[in-house]
Amino acid sequence: MKVAIIHEWLDSYAGSERVVEQLIRCWPQADVFAVCDFLPEAERHFLAGKTPKTTFIQRLPFAKKRFRWYLGLMPLAIEQLDMSGYDLVVSSSHAVAKGVLTGPGQVHISYIHSPMRYAWDLQPQYLREAGLETGLKGAYTRWLLHKMRHWDRSSAAGVDVLVANSAYIAARIQKVWRRSSVVIHPPVDVEGFALRREKEDYFLVASRMVPYKRVEVVAEAFAAMPDRRLVIVGDGPNMAAVRAAAGAAPNIEFRGRVDQPELVRLTQGARACIHAAEEDFGIAMVEAQACGTPMIAFHRGGARDIVIPPPAEAPTGLLFSEQSADSVIAALAEFDAVEATITPEACRANAMRFSQQAFRSAMLDLAARS
């Protein structure tokens, strides 16, 4: 069986690239394709020595640094990839990869990280944060996203099997494409986050400091609870807002960016990790559970797939109802009451549902049945 693996674009080794890494392990003989490939040499290890075949976007002016400028050309580019010689086509898509053209004698399985958020329900937020609400650039961007929505929906109709990375994304797929999907959670390196039973007296937030992560909400809550210690790991453009919410609270400690061993150590030692964002899935939450650490998370998005709250037989954390300081404060009071029922072993067992092996087994089984 000849297999092709299609990815959006390759410029870093991040969450979606970890999916590609495991897809290559599923089908080591597969050919790999992408809109463009500008991966640094140090991050190419996950391709297992493969050289991806790319589109004309690769050769356009300034593409190495500004390939996203060519979003409007990417549907055309992805449709030029020749899939005619392949029995199975597996795409990893958050924008255009699912748009490769296949025939009736081929099976196309598309792993959907998300429909294009910035073209659908998050368009107003995207335009606002990019400063494109008005002016000629704003008008052009609105027109482009309008065209992309039409292509996005029509190209989804050409996929044989849609795979969502969470129930939350499955609902988004149903909403925007009117298609059902299979949920297979993304692979998480749970072995890189070892179980530790002994916990210390602090709570942890480990996150990029960007607006949608809502870390400032957690900082505001702990500023009002001087008897609880909070450690904040990470950096980013929203750091000033987070520091402002924390004020001069002596119980809040900012660590900035830390290396991987230190991140693992801090995650292993926390009484609980706190996550206030609405995520498509939330790999960091699984990593915390792999360490045997409870999660206190906002109840929308991928957290509902990951965290098992009381009164379940083996709870692994709590879900709070609002992205507000008051809701975080209430969740911490509830955590005090149920903490003894949440065991490190239950958290670890929960995380194993999202292992790399579990992902590979599910994808191979799906392909065999398709």
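For a quick check of your reading: which helices (runs of 4 or more DSSP H) sit entirely within segment 259-370 and have at least 1 residues that are basic (Lys, Arg)? I'd like the intermediate steps shown before the answer.
Numbers: elements: 260-269, 283-290, 303-306, 325-338, 344-351, 356-369.
Passing ranges, in order: 260-269, 303-306, 344-351, 356-369.
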Kindly indicate whether any position in segment 180-196 is hydroxyl-bearing (Ser, Thr, Tyr) and not assigned by TED's automatic domain parsing to the domain that holds Thr316. yes
Subset of segment 193-216, residues buried (at least 18 other Cβ atoms within 10 Å of the Cβ) and assigned to a helix (DSSP H, G or I), comes to Lys213, Val215, Glu216
Being farther than 24 Å from Ala362 by Cβ and not polar (S, T, N, Q) narrows it down to one of Asp160, Asp121, so name that one. Asp121
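Just a yes or no: is a residue in segment 76-86 of a type in the set (D, E, K, R) and either over 22 Å from Lys147 (Cβ atoms) or not assigned by TED's automatic domain parsing to the domain that holds Ser12 (or both)? Break it down stepwise before answering.
From segment 76-86, those of a type in the set (D, E, K, R) are 79, 82; that's our starting set.
Add one more test, that the residue is either over 22 Å from Lys147 (Cβ atoms) or not assigned by TED's automatic domain parsing to the domain that holds Ser12 (or both), and what stays is 82.
Yes, because at least one residue in segment 76-86 is of a type in the set (D, E, K, R) and either over 22 Å from Lys147 (Cβ atoms) or not assigned by TED's automatic domain parsing to the domain that holds Ser12 (or both).
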When Ala325 is run through (1) out of contact with any Pro (no Cβ under 6 Å at 6 or more places or on another chain); (2) within 15 Å of Val188 (Cα to Cα); (3) modelled with pLDDT of 95 or more, the failure sits at (2)
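Could you go through segment 72-83 and let me know if any residue there is at negative phi and either of a type in the set (Ser, Thr, Tyr) or within 21 Å of the chain's Cα centre (by Cα) (or both).
No, that holds for no residue.
Evaluate the following for Glu253: is it over 23 Å from Leu319 (Cβ atoms), outside any loop (DSSP other than H, G, I, E, B) and of a type in the set (Asp, Glu)? Please lay out each step first, then the result.
Details: over 23 Å from Leu319 (Cβ atoms): yes; outside any loop (DSSP other than H, G, I, E, B): yes; of a type in the set (Asp, Glu): yes.
When the stated conditions are applied, Glu253 passes them.
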Counting only residues in segment 138-148 that are surrounded by 12 or more Cβ atoms within 10 Å (Cβ to Cβ) and without any contact (Cβ under 8 Å) to a residue 60 or more places away in the chain, the one farthest from Met74 (Cα to Cα) is identified as Gly138
Restricting attention to segment 38-69, the residues that are under 26 Å from Tyr140 (Cβ atoms) and within 23 Å of the chain's Cα centre (by Cα) number exactly 6
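Looking only at segment 290-312, filter to residues that are under 17 Å from Asn165 (Cβ atoms) and either of a type in the set (Ser, Thr, Tyr) or buried (at least 24 other Cβ atoms within 10 Å of the Cβ) (or both); which one of those is modelled with the lowest pLDDT? Please lay out each step first, then the result.
Looking only at segment 290-312, we keep the residues that are under 17 Å from Asn165 (Cβ atoms), and these are 297, 300-307.
Of the ones still in play, those that are also either of a type in the set (Ser, Thr, Tyr) or buried (at least 24 other Cβ atoms within 10 Å of the Cβ) (or both) are 297, 302-303, 306-307.
Numbers: Ala297: 98, Gly302: 94, Ala303: 97, Ile306: 98, Val307: 98.
Residue satisfying both the conditions and the ranking: Gly302.
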Return yes when Leu39 is in contact (Cβ under 8 Å) with a residue 24 or more places away in the chain, surrounded by 16 or more Cβ atoms within 10 Å (Cβ to Cβ) and assigned to a loop (DSSP other than H, G, I, E, B) and no when it is not. yes
Residue list for segment 127-172, restricted to those being within 17 Å of Arg68 (Cβ to Cβ), under 23 Å from the mean Cα position of the chain (by Cα) and either of a type in the set (D, E, K, R) or outside the structural domain of Gln106 (by TED's automatic domain parsing) (or both): Glu129, Asp152
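Among the listed residues Ala240, Ala244, Ala219, which satisfies the condition of being under 16 Å from Leu332 (Cα atoms), free of Cβ contacts under 8 Å to residues at least 60 places away in the same chain, assigned to a helix (DSSP H, G or I) and not basic (Lys, Arg)?
On the way: Ala240 fails: under 16 Å from Leu332 (Cα atoms); Ala244 fails: under 16 Å from Leu332 (Cα atoms).
Ala219 is the lone residue from the list that is under 16 Å from Leu332 (Cα atoms), free of Cβ contacts under 8 Å to residues at least 60 places away in the same chain, assigned to a helix (DSSP H, G or I) and not basic (Lys, Arg).
The values are calculated or read from the model by the stated rules, or taken from the named source; none is laboratory data. Just so we're clear, the structure is a prediction, and the values are computed from it rather than from any experiment. Glycine gets a Cβ as well: all are built from the backbone with ideal geometry, and neighbour counts include every protein chain shown.
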